[in-house]
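Enquirer: Let me give you the structure first, and then I'll get to my questions.
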Amino acid sequence: MINAVRGTKDILPSEIPLWYFVEKTLHNVSNLFGFKEIRTPIFERTEVFLRSIGSETDIVNKEMYTFLDRGGDSITLRPEMTASVVRAIIQNNLLAENSILRLWYYGPLFRYERPQKGRLRQFHQYGAELIGSPEPEADVEIILLAKEIVERLGILNYKLLLNSIGNRTSRQRYKQELISYFEKYANSLSNDSQERLRKNPLRILDSKDERDLEIIKNCPKIYDYFDKESLEHYNKTKELLALNHIEFQETPHLVRGLDYYTHTVFEFQSPILGAQDSFGGGGRYNELFTEFGFKKEVAATGFALGIERILLILESQQKTLPNGSPLVYIAFNKPEFISKVFETAYFLRKHDIPTLFDVQKKSLKAQMKEANKYGVKFVIIFGDDEINNNTITIKDMKKSEQTTYPFEKGIEIILNSKSANEDN
Ligand code: HAM
């Protein structure tokens, strides 16, 4: 028996209606906000992620699927999409004609994490990026887009956490303060945080370890190290969120796991998810374009939602959707009637009637059973009489009634029932 790789999942036909519902909502809301879709390759040169996500992050240090291809180039399966989108914008010169870009994307990502509830090694994200504006209005527009999706999906009891990590100057000053503070407690910190203290002190702030939490409680607050620009950006963002009646929880310890952020950061959390409680997150990243060697700074902001985590929430809320059944099953009692079957199926499908028939040479009784299993509305029966008299017998499965009509008349009834269905 060969099983799927740990941390990967088959999405089975019974789960598909919920995926479609989520995908349709994402498409609709993106469109409402004037965002256009972009699709980038699933793998990139490793450098794309090294430059953007940060060399001291968990993603780069421990989680990337990186390999040498047959030409000897280092390739990585994308662990996130913001970096790929920025790479694509620069490469395709998309900013030449537009000073602002509103882009969305959807697809699978790969992170070698320890699998658990809501944490996979292949998972899906929807994300949106608003590129070209340094203004808080852009951050708020991005949060409004995320929130509209979350609400249209019907997610209940979620929380929006908000923070700012300021600009680079403010953050550098704060980092120094943090190092001095945590060094005093270095021996009491968890092993992971001791390592973070050396490599990435800000990340200590979102540790979930009990020992760390006690020390973090009294650590310096980032807001006290903000310069004028950082403070103004953050205050204006909060003001505009309030203007839009968006409730948020100010969370000074929210720092996020990717290094490219500046100013605004945010996360959506749900208690249903347990330890992996964040089903979406994002923020501003004003320095990423220059990290990629772009000639000028391009201010940008965006977010991504984790689709599997959203599905866990919807399932826990008992959200179910019917799996569409074919409308017609054609049953026949002699192999030589197959040409009539093909011809009828062809005609119905051309008229957008979902139709299926037996391809295993089953008995008529077994065919009726199969039709029942598929939940079709009508079974068309071709027996000797129907073929000899150019008639058609239609069984209405719900009413359990069957009637024989002249062929054309029967087909018309089926075509009309489709439009009646659509009117409902
Ligand atoms: P992220 O916080 O790394 O941000 O991922 C966003 C969301 O993806 C998470 O909130 C979570 O729902 C989902 N996710 C992450 N890892 C896993 C996993 N192993 N299994 C299942 N779901 C997962 C980013 O990726 C940024 N690119 C977001 C962004 C866009 N920032 C600015 N623009």
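The values are calculated or read from the model by the stated rules, or taken from the named source; none is laboratory data. From a predicted model like this one, the values you see are computed outputs, not experimental measurements. In this analysis, Cβ positions are derived from the backbone assuming ideal geometry, glycine residues included, and neighbour counts consider all displayed protein chains.
Enquirer: Quick one: which residue in 75, 131 is surrounded by fewer than 20 Cβ atoms within 10 Å (Cβ to Cβ) and either assigned by TED's automatic domain parsing to the domain that holds residue 266 or β-branched (Val, Ile, Thr) (or both)? Give the derivation first.
Expert: On the way: 131 fails: surrounded by fewer than 20 Cβ atoms within 10 Å (Cβ to Cβ).
The match here is 75.
Enquirer: Within region 170-201, count every residue that is in contact with a Ser or Thr (Cβ under 8 Å, 6 or more places away or on another chain) and surrounded by fewer than 17 Cβ atoms within 10 Å (Cβ to Cβ).
Expert: Qualifying residue count, region 170-201: 1.
Enquirer: Now for a separate question. Looking at the structure I just gave you, is residue 202 among the aliphatic types (A, V, I, L, M), modelled with pLDDT under 95 and part of a helix (DSSP H, G or I)?
Expert: Spelling it out, residue 202 is indeed among the aliphatic types (A, V, I, L, M), modelled with pLDDT under 95 and part of a helix (DSSP H, G or I).
Enquirer: Filtering region 1-26 down to residues that are part of a helix (DSSP H, G or I) and among the β-branched types (Val, Ile, Thr), which residue is modelled with the lowest pLDDT? Quick ask: steps written out before the conclusion?
Expert: The first filter runs over region 1-26 and keeps only residues part of a helix (DSSP H, G or I), leaving 13-26.
Add one more test, that the residue is among the β-branched types (Val, Ile, Thr), and what stays is 16, 22, 25.
Values: 16: 94, 22: 97, 25: 98.
Taking the candidates together, the pick is 16.
Enquirer: Output the number of residues of region 269-301 satisfying the condition of being more than 13 Å from the ligand (Cβ to nearest atom), part of a loop (DSSP other than H, G, I, E, B) and under 17 Å from residue 150 (Cβ atoms).
Expert: Selection size over region 269-301: 0.
Enquirer: Can you say whether residue 210 is at pLDDT 95 or above and not aliphatic (A, V, I, L, M), as far as the supplied structure shows?
Expert: Here the answer is no, as residue 210 does not meet what is asked.
Enquirer: Step by step: first the residues of region 208-237, then only those that are touching a helix residue (DSSP H, G or I) at 6+ places or on another chain (Cβ under 7 Å) and polar (S, T, N, Q), then the one that is surrounded by the most Cβ atoms within 10 Å (Cβ to Cβ). Which residue is that?
Expert: 237
Enquirer: Restrict the check to region 308-331 and report whether at least one residue is buried (at least 20 other Cβ atoms within 10 Å of the Cβ), more than 8 Å from the ligand (Cβ to nearest atom) and not hydrophobic (A, V, I, L, M, F, W, C).
Expert: Among the residues of region 308-331, at least one is buried (at least 20 other Cβ atoms within 10 Å of the Cβ), more than 8 Å from the ligand (Cβ to nearest atom) and not hydrophobic (A, V, I, L, M, F, W, C), which makes the answer yes.
Enquirer: Please enumerate the residues belonging to region 256-268 that are buried (at least 18 other Cβ atoms within 10 Å of the Cβ) and within 9 Å of the ligand (Cβ to nearest atom). Step through it out loud before you land on a result.
Expert: As a first pass, look at region 256-268 and keep what is buried (at least 18 other Cβ atoms within 10 Å of the Cβ): 256, 258-268.
Hits for region 256-268 are 256, 258, 260, 261, 265, 267, 268.
Enquirer: Can you find a residue that is among the acidic types (Asp, Glu) and more than 16 Å from the ligand (Cβ to nearest atom) anywhere in region 242-255?
Expert: Within region 242-255, one or more residues are among the acidic types (Asp, Glu) and more than 16 Å from the ligand (Cβ to nearest atom).
Enquirer: Among 78, 121, 87, which is over 29 Å from residue 241 (Cα atoms), in contact with a strand residue (DSSP E or B) (Cβ under 8 Å, 6 or more places away or on another chain), within 9 Å of the ligand (Cβ to nearest atom) and charged (D, E, K, R)?
Expert: 121
Enquirer: To continue, here is another question. Just to be sure I understand the filter: pairs with C-beta atoms under 7 Å, separated by 6 or more residues or on different chains, first member in region 91-118 and assigned to a loop (DSSP other than H, G, I, E, B), second member modelled with pLDDT under 95 and basic (Lys, Arg). Which pairs pass?
Expert: Listed pairs, sorted by first residue: 112/62.
Enquirer: Determine whether region 246-257 contains at least one residue that is touching an Asp or Glu at 6+ places or on another chain (Cβ under 7 Å), at negative phi and hydroxyl-bearing (Ser, Thr, Tyr). Please lay out each step first, then the result.
Expert: Filtering region 246-257 down to residues touching an Asp or Glu at 6+ places or on another chain (Cβ under 7 Å) leaves 253-255, 257.
Filter once more, keeping what is at negative phi: 253-255, 257.
Those left that are additionally hydroxyl-bearing (Ser, Thr, Tyr): none.
No; the residues of region 246-257 include none that is touching an Asp or Glu at 6+ places or on another chain (Cβ under 7 Å), at negative phi and hydroxyl-bearing (Ser, Thr, Tyr).
Enquirer: So, in region 368-394, of the ones that are among the aromatic types (Phe, Trp, Tyr) and in contact with a Leu (Cβ under 8 Å, 6 or more places away or on another chain), which residue ends up surrounded by the most Cβ atoms within 10 Å (Cβ to Cβ)?
Expert: As a first pass, look at region 368-394 and keep what is among the aromatic types (Phe, Trp, Tyr): 374, 378, 382.
Filter once more, keeping what is in contact with a Leu (Cβ under 8 Å, 6 or more places away or on another chain): 374, 378.
Values: 374: 15, 378: 23.
My answer is 378.
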